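> Have a look at the structure that comes next, please.
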Amino acid sequence: MANAARVFIDGEAGTTGLGIRERLQGVSSVELVSIDAASRKDPAARRDIMREVDLVVLCLPDDAAKESAAIADGLGAKAPKLLDASTAHRVDASWVYGFAEMAQGQAVRIAQSPRVANPGCYPTGAIALLRPLIEAGVMAADYPVTINAISGYSGGGKAMIADHQAKGGPAFELYALGLEHKHLPEIQRYGKLTRRPIFVPSVGHYHQGMLVSIPLHLDTLTGSVSTTDLHGILEAHYAGSQLVHVCPPTQSGKLEPEALNGTDTMELRVCGNDGHGQAVLVARLDNLGKGASGAAVQNLKLMLGLEDAHV
């Protein structure tokens with residue numbers, strides 16, 4: 001492939017790595033480079049392949065991602081760009097957070113950075129809903145936020161996937177009830193919250209698809225705010241976005257999590273009842289799309305300066 005950017009997915013056999021590889025196979029401006037299976041844990045072999053590529057995607061556990069980043073850093077001027085899909089560097093100030101629609105100029109920062117941390121799936125929905133309200137001044141940074149979310153089991157790692165694919169896997173379960181979920185630091189930082197939110201994730205017995213919801217009492221917000229006002233704030237923030245869509249509430253009053261499966265888009269809604277002074281903010285996305293592999297490919301294209309990088 002003449003002039004194609006060379007990309008190595010370190011950990012391409014995992015769920016996110018496979019999703020990225022599938023999305024990139026039809027992209028003529030990218031050449032995927034693989035390592036021999038017998039050498040995938042060999043630091044010297046990984047160093048050699050990193051020296052020859054333009055960008056490395058880290059689809060690894062946190063400690064392994066830090067190890068790979070250190071190997072790349074040791075290459076000095078020959079180091080490739082890094083896109084980390086793990087949690088390892090998401091709140092590291094020396095890495096740019098890879099949510100392109102999060103703030104004005106974020107896509108440019110991603111494009112110009114040699115080190116980008118891909119967001120978590122739950123944080124993508126939560127930050128998308130919270131940050132515009134805080135920036136608009138209708139929600140205080142110390143607001144006592146509660147985030148409820150459900151995901152398909154594909155986002156839970158090998159043990160959870162195996163559990164749900166076995167006969168008799170749980171139909172539904174809450175988890176991380178110790179309130180120490182690893183996504184909390186990035187939700188708080190990039191959601192611009194000064195108070196740690198309560199985050200209650202859950203998993204359903206279906207493969208993929210995600211809903212993130214945040215309940216609000218309107219009289220606890222700043223000023224006299226209606227559900228229409230909240231919708232308008234979100235709509236203004238994401239105006240022109242190709243992947244984040246602000247939608248009206250559903251006519252049925254119901255929302256299921258699988259409608260965006262197989263896409264890289266995210267839908268945001270403000271549902272509620274102004275008469276009762278209550279609202280629920282809801283984000284819907286594919287946890288394997290905009291919540292993982294889709295966001296990674298979007299960031300990769302921005303970092304490599306490819307023309308079809310959507311924002």
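The values are calculated or read from the model by the stated rules, or taken from the named source; none is laboratory data. Because the structure is a prediction, the values reported are computed rather than measured. Cβ: placed from backbone, ideal geometry, glycine included. Neighbour counts: every protein chain shown. Keep in mind that these areas ignore ligands, DNA and RNA; they rest on the heavy atoms of the full protein, side chains included. Shrake-Rupley method; radii C 1.70, N 1.55, O 1.52, S 1.80 Å.
> How many times 2.2 N^0.38 Å is the alpha carbon radius of gyration of region 200-241?
Taking the Cα Rg and dividing by 2.2 N^0.38 Å, one obtains 1.63.
> Would you list, by chain and number, the aspartates and glutamates whose Cα falls below 16 Å from the Cα of LYS192, excluding same-chain residues fewer than 8 positions away?
ASP92, GLU101, GLU135, ASP142
> Remind me, relative contact order of the chain in percent, using alpha carbon pairs under 8 angstrom and six or more residues apart?
For the chain, the relative contact order is 19 percent.
> What do you get when you divide the Cα radius of gyration of region 129-280 by 2.2 N^0.38 Å, with N the number of residues?
Taking the Cα Rg and dividing by 2.2 N^0.38 Å, one obtains 1.11.
> Same structure again: Would you mind working out the accessible area per residue for region 220-272, using a 1.4 Å probe, and quoting it in Å²?
52
> Within straight cross-link reach of LYS290, meaning Cα distance under 19 Å, which lysines are found once same-chain residues fewer than 8 apart are removed?
In chain and number order, the partners are LYS182, LYS301.
> Counting only heavy atoms of protein chains, what accessible area per residue, in Å², does region 102-219 have with a probe of 1.4 Å?
On a per-residue basis, region 102-219 sits at 43 Å².
> Still on this structure, please answer the following. Take the solvent-accessible surface of the protein heavy atoms, probe 1.4 Å, and return the percent of it on the chain that carbon and sulfur atoms account for.
51
> Set the Förster distance to 35 Å, then compute FRET efficiency between ALA239 and ALA4 from the Cβ-Cβ distance, nearest 0.05.
Once rounded, the FRET efficiency stands at 0.55.
> Note down the accessible area of SER34, probe 1.4 Å, to the nearest 10 Å².
Around 50 Å² of this residue is reachable by solvent.
> While we're here: Starting with the highest mean, order 221-227, 282-288, 266-272 by the number of other Cβ atoms within 10 Å, averaged over the residues of each peptide.
282-288, 266-272, 221-227
> Let me check I have the definition right: for region 159-248, take the eigenvalues of the Cα gyration tensor, multiply each by 5, take square roots. What are those semi-axes in whole Å, largest first?
Over the Cα atoms of region 159-248, the ellipsoid semi-axes are 31, 18, 13 Å.
> Sorted by mean Cβ packing within 10 Å, highest first, what order do the peptides 207-220, 110-123, 176-189 take?
For the peptides 207-220, 110-123, 176-189, the packing ranking is 110-123, 207-220, 176-189.
> Shifting gears a bit: Tally Lys/Arg at +1 and Asp/Glu at -1 over every other residue whose Cβ is under 15 Å from the Cβ of SER293; what's the total?
Cβ neighbours under 15 Å give a net charge of -2.
> I've got another one for you. Students often forget the sequence filter, so: which lysines lie under 19 Å Cα-Cα from LYS41 once same-chain residues fewer than 8 apart are removed?
Within the straight-line limit of under 19 Å, LYS41 reaches these lysines: LYS66, LYS158.
> How many angstrom lie between the C-alpha centres of region 247-311 and region 54-105?
Cα centres, region 247-311 to region 54-105: 24 Å.
> Still on this structure, I have one more. Defining a contact as two alpha carbons under 8 Å apart and six or more residues distant in sequence, what relative contact order in percent does region 62-181 show?
Worked out over region 62-181, it gives 17 percent.
> Shifting gears a bit: Specify whether the C-alpha gyration tensor of region 1-121 places it in the rounded, prolate or oblate class, a ≥ b ≥ c being the square roots of the eigenvalues: rounded for a/c under 1.5, otherwise prolate if a/b is larger than b/c and oblate if not.
It is rounded, given that a/c, with a ≥ b ≥ c, falls under 1.5.
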